[in-house]
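Just below is one structure, and these are the notes that go with it.
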Ligand SMILES: NC(=O)c1ccc[n+]([C@@H]2O[C@H](COP(=O)([O-])OP(=O)(O)OC[C@H]3O[C@@H](n4cnc5c(N)ncnc54)[C@H](O)[C@@H]3O)[C@@H](O)[C@H]2O)c1
Ligand SMILES: [Zn+2]
Ligand SMILES: [Zn+2]
């Protein structure tokens, strides 16, 4: 039997973004049912809304969330009702070669990126009985959802839901980009272009590992101000400064250049910011099909590297609880990343916050 319908934020290829009532089927084998308590608004939701990443079917948006387990299906052994969980948007299969090798962020069998549960179904139906699909296998802009056990990571009860929500995407991605993807060492230099929720988390990660200097670049003065609070040693206005020329002139190039926007034009400028042997880290996600050009002789001659970064090269079951413990021990100022908290009915305003680059990460409360 399905639950009573509740409002969900849906993007439909024909109708755009709107609120639609959806019913949820109960958890099947290996699945857990979750009551969503907080959901962050990430640029990866906006990429769907604005058509950067086209969808051919209606999706329940939202992929950065935390909540409480309300039910478990047959065979679920690691979670029980009442557990607090952070949702992971890249539910690993736990069986493929990449998962077996401990590289869950590269799982080749996950169906999450096809916006379905692992068996290819959706737990949501609308009032006409038509399926509505879970964005990245979650669909967190609604009151309740059903996910495979591997997409729900148990966290301590003391962890605020708002912080837990952001651990579901921006924080784990940004800090993981530093610690896992780039393996930044103390005293190495880094530049971060774009300091929204993800880029500020990169800055936080750089501060955590003792990178120096840490140069943050954004167009928004408010975001540059925030970057200083999270540990940037220098801030630059990307609209007026040639960042690559600045990095070469002031530092002889940096060891690491992180892009956290998803702009092909900006990504193309990363290698010129690097010192020899340095790494460009692509954290921002470009529109589907976008390509870029690099100085190929310079890359080979200077031994520069270009690293893709999915989910901060993180293993959710390990990295999310680890970051939660660092936060609870006072080592990461994650509260400072939380901006406005709004009810689900204010989703339009929440996306306007994101597009304006004003405030920090907006949280929706279903
Ligand atoms: N790699 C991953 O697994 C992963 C995970 C989450 C998000 N993302 C992607 O990361 C990107 C950032 O996400 P977000 O939620 O932090 O977005 P956001 O909109 O909150 O932040 C983007 C920031 O970039 C700034 N900006 C835009 N153009 C700029 C320019 N030309 N120069 C300097 N700054 C500029 C904006 O002012 C804003 O502060 C998105 O593409 C998102 O899809 C990737
Ligand atoms: Zn995200
Ligand atoms: Zn796998």
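The values are calculated or read from the model by the stated rules, or taken from the named source; none is laboratory data. For clarity, every value in this text was computed on a predicted model and none was experimentally measured. Neighbour counts run over all protein chains shown; Cβ positions are idealised from the backbone, glycine included.
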- For residue 271, are the conditions met, namely being within 24 Å of residue 180 (Cβ to Cβ), under 25 Å from the mean Cα position of the chain (by Cα) and assigned by TED's automatic domain parsing to the domain that holds residue 240? yes
Flagged pairs (Cβ under 7 angstrom, 6 or more apart or on separate chains; first in the stretch 192-214, outside the structural domain of residue 226 (by TED's automatic domain parsing) and within 16 Å of ligand 3 (Cβ to nearest atom); second modelled with pLDDT of 95 or more and in a helix (DSSP H, G or I)) are none
> In this structure, is residue 137 in the same structural domain as residue 11 (by TED's automatic domain parsing) and within 16 Å of ligand 3 (Cβ to nearest atom)?
Replying inline: yes
Going through (1) part of a helix (DSSP H, G or I); (2) surrounded by 24 or more Cβ atoms within 10 Å (Cβ to Cβ); (3) within 14 Å of ligand 1 (Cβ to nearest atom) one by one, residue 180 fails only at (2)
By my count, strands (runs of 3 or more DSSP E) wholly in the stretch 1-95 with at least 2 residues that are surrounded by fewer than 22 Cβ atoms within 10 Å (Cβ to Cβ) are 6-12, 16-24, 31-40, 65-72
Over the stretch 205-246, the set of residues in a helix (DSSP H, G or I) and buried (at least 24 other Cβ atoms within 10 Å of the Cβ) is 205, 206, 226, 227
Screening 195, 173 for residues that are assigned to a helix (DSSP H, G or I) and buried (at least 22 other Cβ atoms within 10 Å of the Cβ) leaves only 173
Filtering the stretch 206-215 down to residues that are out of contact with any strand residue (DSSP E or B) (no Cβ under 9 Å at 6 or more places or on another chain) and within 11 Å of residue 179 (Cβ to Cβ) yields 208, 209
